[in-house]
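Nothing in this text is a laboratory measurement; each read-out follows from the coordinates by a stated rule. For clarity, every value in this text was computed on a predicted model and none was experimentally measured. Cβ atoms come from the backbone with ideal geometry, glycine included; neighbour counts cover every protein chain shown.
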Amino acid sequence: MGPDPRFAYGDRWPGRLASYLPWLEENLRALLPLLAPDGSLVLHLDQRAVHYAKVLLDRLLGEERFVNEIIWHYTGGGRSRSRFSNKHDTLLWYAAGPRPRFNVDAVRVPYEPTSGYARGGIVSKAGKRYLPHPAGTPVDDVWDIPIINPMSRERVGYPTQKPLALLERLIAALTDPGDLVIDLFCGSGTTLVAAARLGRRWIGGDRSPAAIACARQRLGRFRIQQDRRQRRSA
């Protein structure tokens, strides 16, 4: 499925970084006071702007509030014959305070099949035995999550739609059930659907009426599916 013409939108910045960065700073200054003391800000950008944004966030929040640079690596799409193909985005994680919420056990991944540690654990020099965690190993800062398959039922036709697996991992790690997740640049609504699926409250917004329409449709379908599951389990 290609981009749905109903969800077309403008993603070009006159003057590029010269106009984008002041806009970004203005919006960040408005959003940062909304963070809970143990809350987090995650900014998702590509290679063209992420370095400038990190310097900006270091200035606004302080270098000590930087937690992780997460690399989302994906495959699919075309391959360049004149340079290394661009197959990753960057997510900058900043904390509002010194002790951000982080649920490491919520985002463990299976051990590699060849891992000796997974089979029997390890024994330290002091003789202490460390056994593998039944849920797997903590995920690191490089995430191999595929883009949405063109034939996937998840695809809605919005040009910049992100996979639910990406947002669900972020939300599961950085929030608890009942917490509030805010995405005021929600695009296709993936953040909002992921938050709803994980039992979080959410607030979403976008300047694009097409984005709002897309997000509403997805959330409406999720509620219908949820109601059906509840009726079957009743």
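List of remarks:
- Among PRO33, PRO209, PRO113, residue whose mean-square fluctuation peaks in a GNM of the chain (springs only between Cα atoms under 10 Å): PRO113
- The chain: most fluctuating residue of THR160, THR190, THR90 per GNM, C-alpha cutoff 10 Å: THR160
- If R0 equals 25 Å, the separation of the Cβ atoms of LEU31 and ARG153 corresponds to a calculated FRET efficiency of about 0.20.
- Relative contact order (percent, whole number), the chain, Cα cutoff 8 Å, 6+ residue spacing: 19 percent
- Fraction of antiparallel bridges per DSSP, the chain only, in percent to nearest 5: 70 percent
- Taking 7 Å steps out from each Cα toward its Cβ at ALA165 and LEU184 produces label points 3.2 nm apart.
- Cut-off 12 Å between beta-carbons: net charge of the residues surrounding GLY199, Lys and Arg +1, Asp and Glu -1: 0
- Among (1) 200; (2) 158; (3) 130, the entry derived from the coordinates for volume of the Cα convex hull per residue in Å³: (1)
- Considering only PHE84, PHE66, PHE222, the mean-square fluctuation computed in a Gaussian network model of the chain, springs between alpha carbons under 10 angstrom, is largest for PHE84.
- Between the range 162-234 and the range 99-139, the Cα center-to-center distance that results, in Å: 30 Å
- ASP105-ARG83 pseudo-label distance in nm [points 7 Å out on the Cα-to-Cβ vector]: 4.5 nm
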